[in-house]
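What follows is a set of notes on a single structure, which appears directly below.
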Protein chains: 2
Amino acid sequence: MKPAVLYHTDQAVKTRRQILQVAVDIASAEGLEGLSIGRLAAELQMSKTGIFAHFGSKEQLQLATVQTAKAIFLEQVVQPALKSPRGISRLKALLENWLGYVERSVFRGGCFFAAASAEFDSRPGAVHDEIAALTKAWMDALREEIAFAQSRKEVQASVNPAQLAFELHAYVQEANCAFKLFNDKSAFQLSRRAIADHLVAASGKRTLKKSKQ
Amino acid sequence: MKPAVLYHTDQAVKTRRQILQVAVDIASAEGLEGLSIGRLAAELQMSKTGIFAHFGSKEQLQLATVQTAKAIFLEQVVQPALKSPRGISRLKALLENWLGYVERSVFRGGCFFAAASAEFDSRPGAVHDEIAALTKAWMDALREEIAFAQSRKEVQASVNPAQLAFELHAYVQEANCAFKLFNDKSAFQLSRRAIADHLVAASGKRTLKKSKQ
DNA sequence: TTGACTGTAGAACGACCGTGCTATAGTATA
DNA sequence: TATACTATAGCACGGTCGTTCTACAGTCAA
């Protein structure tokens, strides 16, 4: 592998960004292995070398693609949620933004990380490690938000934050899987209902149903 | 594609079975696309032609592999649960057997169908359709068992069977994903806890905790 | 003993893979 | 205007893929 050339010019940065935009789209639907350099070259009307030189190896291309997906995820899911106040409110925003990001097909193949996780969960390497780290960070974020909500009495003290995070994450993941496999949007409805009911239960309020607002 | 030869001799049936056993193992860990005929030939010390002739095409090999996985799943998860009486008891058995089948690594790559779903959810074809049909059948089985439990008053009338099936399925799927990605068995504990708590809630009994038995 | 048929091997095909070498047009610097 | 360097192209390599054609040893029926 060539030690990944220099490439610091404005144009090079722009080209690299264009490549990665297409790469993320392909990878989300056909996997990070299915993402081939020849395929990218054809799609971008460039030579294979032209693509390759920007990364130096297939693995580096995959890692850069994951970083690009991470940036999109942060922009689409996490950042908008930061406008909501910490605690149950932000937790709801994170989950709802996640569902929205899958529902409106930000990535052609559904959640990029769900697809990448399934693809790399049984093989070693830097790509696996990166995806595992990012997934863990997301789970940690959910758990910490729950813990914060608990400190504000928005969530009952008897709730185990890791347990609740596991369950909420399971709901959104399941929505993604069901939607992609059956191409049926009703999975989002089930997921939203599961989240809402569960959060009500965790809050301890019997049946709230805030009338308006 | 050659029209998949005749092959009805005892020996041919045996060979085919041996091939598929290895195929299922490879496919669960490296995907149905990663399952290559050359790889299979090397593993079985046969020629590529020797393998190929049994199926006629890669797609037929993949479909046969899915059928083999289905048979194993039925044997490991569904059949043992049929010993439990219908209703909440059998529902619990189905879920627990599923967790056990992942936990003891019946397939090297975790749940075969979870992996195959993620791999084929974004592409058309017979393999996708078969996997979707099998996944749907499993979901239907959960839902029907819940509906039966409801008819026996084991589950509250207010519960929507499809909703509960979605949530329970989400828990087991999440256990599989977390276990494979992080190689951490604690996911099973979280999953079991989620299932148990949820079934208690659905049964309507406030906090049962049957003392012994 | 002959002949048909079965299961497998060997070799080859065209296509695509990731990667490396070399050349070159374009740009920036001197 | 001459020089250095950047970003990309062209081409080729060895390898693997799914697939096909042909050959052949083994078995079984006549």
Study note, to complete from the structure: Scanning region B:49-60 residue by residue, those under 27 Å from B:Asp129 (Cα atoms) and not aliphatic (A, V, I, L, M) turn out to be B:Phe52, B:His54, B:Phe55, B:Gly56, B:Ser57, B:Lys58, B:Glu59, B:Gln60
Review point. Conditions: (1) small (Gly, Ala, Ser); (2) away from every other protein chain (no Cβ under 12 Å); (3) not in a helix (DSSP H, G or I). A:Ala147 meets all but one. Number of the miss?
Key: (3)
Revision key, fill the gap. Taking region B:60-106 and keeping only residues that are over 27 Å from B:Asn183 (Cβ atoms) and hydroxyl-bearing (Ser, Thr, Tyr), one is left with B:Ser84, B:Ser89
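Out of the residues in region B:59-83 meeting the condition of being within 16 Å of DNA strand C (Cβ to nearest atom) and under 17 Å from B:Gln18 (Cα atoms), tell me which one is surrounded by the fewest Cβ atoms within 10 Å (Cβ to Cβ). Please lay out each step first, then the result.
Just the residues of region B:59-83 that are within 16 Å of DNA strand C (Cβ to nearest atom), to begin with: B:59-61, B:64.
Next cut, under 17 Å from B:Gln18 (Cα atoms) only: B:60-61, B:64.
On the way: B:Gln60: 16, B:Leu61: 23, B:Ala64: 18.
Checked region B:59-83; the qualifying residue surrounded by the fewest Cβ atoms within 10 Å (Cβ to Cβ) is B:Gln60.
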**Study point:** Exclusive hit being away from DNA strand C (no atom under 16 Å from the Cβ) and within 14 Å of another protein chain (Cβ to nearest Cβ), set A:Leu35, A:Leu95
**Key:** A:Leu95
Check your understanding: Mind checking which residues of region B:142-153 are surrounded by fewer than 18 Cβ atoms within 10 Å (Cβ to Cβ) and either touching a Cys at 6+ places or on another chain (Cβ under 7 Å) or of a type in the set (D, E, K, R) (or both)?
Key -> B:Glu144, B:Arg152, B:Lys153
Point to revise | Which numbered condition A:Ala29 misses (of (1) more than 14 Å from every other protein chain (Cβ to nearest Cβ); (2) within 15 Å of DNA strand C (Cβ to nearest atom)) | key: (1)
Exercise for review: Name the single residue, out of those in region A:7-39 being under 24 Å from the mean Cα position of the chain (by Cα) and outside any helix (DSSP H, G or I), that is farthest from DNA strand D (Cβ to nearest atom).
Suggested key: A:Leu35
Exercise for review: Kindly check whether there is at least one residue in region B:178-188 that is out of contact with any strand residue (DSSP E or B) (no Cβ under 8 Å at 6 or more places or on another chain), more than 10 Å from chain A (Cβ to nearest Cβ), surrounded by fewer than 22 Cβ atoms within 10 Å (Cβ to Cβ) and touching a residue at least 60 places away in the same chain (Cβ under 8 Å).
Suggested key: yes
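Is it the case that B:Lys136 is facing chain A (nearest Cβ under 8 Å), surrounded by 13 or more Cβ atoms within 10 Å (Cβ to Cβ) and under 25 Å from A:Ser186 (Cα atoms)? Working first, answer last.
Numbers: facing chain A (nearest Cβ under 8 Å): yes; surrounded by 13 or more Cβ atoms within 10 Å (Cβ to Cβ): yes; under 25 Å from A:Ser186 (Cα atoms): yes.
So B:Lys136 passes the test.
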Review point. Which one of the conditions (1) more than 8 Å from chain B (Cβ to nearest Cβ); (2) surrounded by 23 or more Cβ atoms within 10 Å (Cβ to Cβ); (3) within 19 Å of the chain's Cα centre (by Cα) does A:Phe166 fail to meet, given that it meets all the rest?
Key: (1)
Exercise for review: Could you list, in sequence order, all residues of region A:83-117 that are outside any loop (DSSP other than H, G, I, E, B) and aliphatic (A, V, I, L, M)?
Suggested key: A:Ile88, A:Leu91, A:Ala93, A:Leu94, A:Leu95, A:Leu99, A:Val102, A:Ala114, A:Ala115, A:Ala116
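Read-outs throughout are calculated quantities, based only on the coordinates presented, and are distinct from any laboratory measurement. Keep in mind that this is a model prediction, so the values were computed, not measured. All Cβ positions, even for glycine, are placed from backbone atoms using ideal geometry, and neighbour counts span all protein chains on display.
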